[in-house]
Amino acid sequence: MILEVTAATLHDAKVAQEHGADRISLVTGIGEGGLTPSYGLMKKVKETIHIPIFVMIRPHNQSFQYDEEDLQTMIEDIHYAREIWH
C-alpha cells in the first residue's frame, strides 16, 4: 500500500516524509478543495523532500469547469512546475 499525504506547507511535507509517507500531494487552499501551490513553495519542497511529489494544478475553486483563460493559466502553471523538476 502507498501512503500519499496532502501537504500545504513545507512543514507539512517534512512531517509527512519523517513519518513514512511514500509521496506528497502538494496543494494550497485545502479549504477550497486544493489549489495550485506557489512557485516558491514548489521549489522549497522539491529542494527539501526526497520522496515523490505531485503538484495539484487547479487555478480556482469555482467547481471543475474551466474556460480558455483558465486552461492557459493551468498550462503556464504546469510549465513552471516542470521547470522545477527538470
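The values are calculated or read from the model by the stated rules, or taken from the named source; none is laboratory data. Computed from a predicted model, the values in this text were never measured in an experiment. Methodologically, a virtual Cβ is constructed for each residue, glycine included, from the backbone with ideal geometry; neighbour enumeration extends over all protein chains shown. The area values use the complete protein model at the heavy-atom level, side chains included, leaving out ligands, DNA and RNA. Shrake-Rupley method; radii C 1.70, N 1.55, O 1.52, S 1.80 Å.
Anything in the stretch 15-31 that is farther than 16 Å from Asn61 by Cβ and open to solvent by less than 80 Å² (accessible area, probe 1.4 Å)? List them, or say none.
Val15, Ala16, Gln17, Gly20, Ala21, Asp22, Arg23, Ile24, Ser25, Leu26
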> When only residues in the stretch 32-55 that are out of contact with any Leu (no Cβ under 7 Å at 6 or more places or on another chain) and assigned to a loop (DSSP other than H, G, I, E, B) count, which is most open to solvent (accessible area, probe 1.4 Å)?
Replying inline: His50
> Do you know which of the residues in the stretch 62-86 that are more than 22 Å from His11 (Cβ to Cβ) and open to solvent by less than 70 Å² (accessible area, probe 1.4 Å) is nearest to the chain's Cα centre (by Cα)?
Replying inline: Asp77
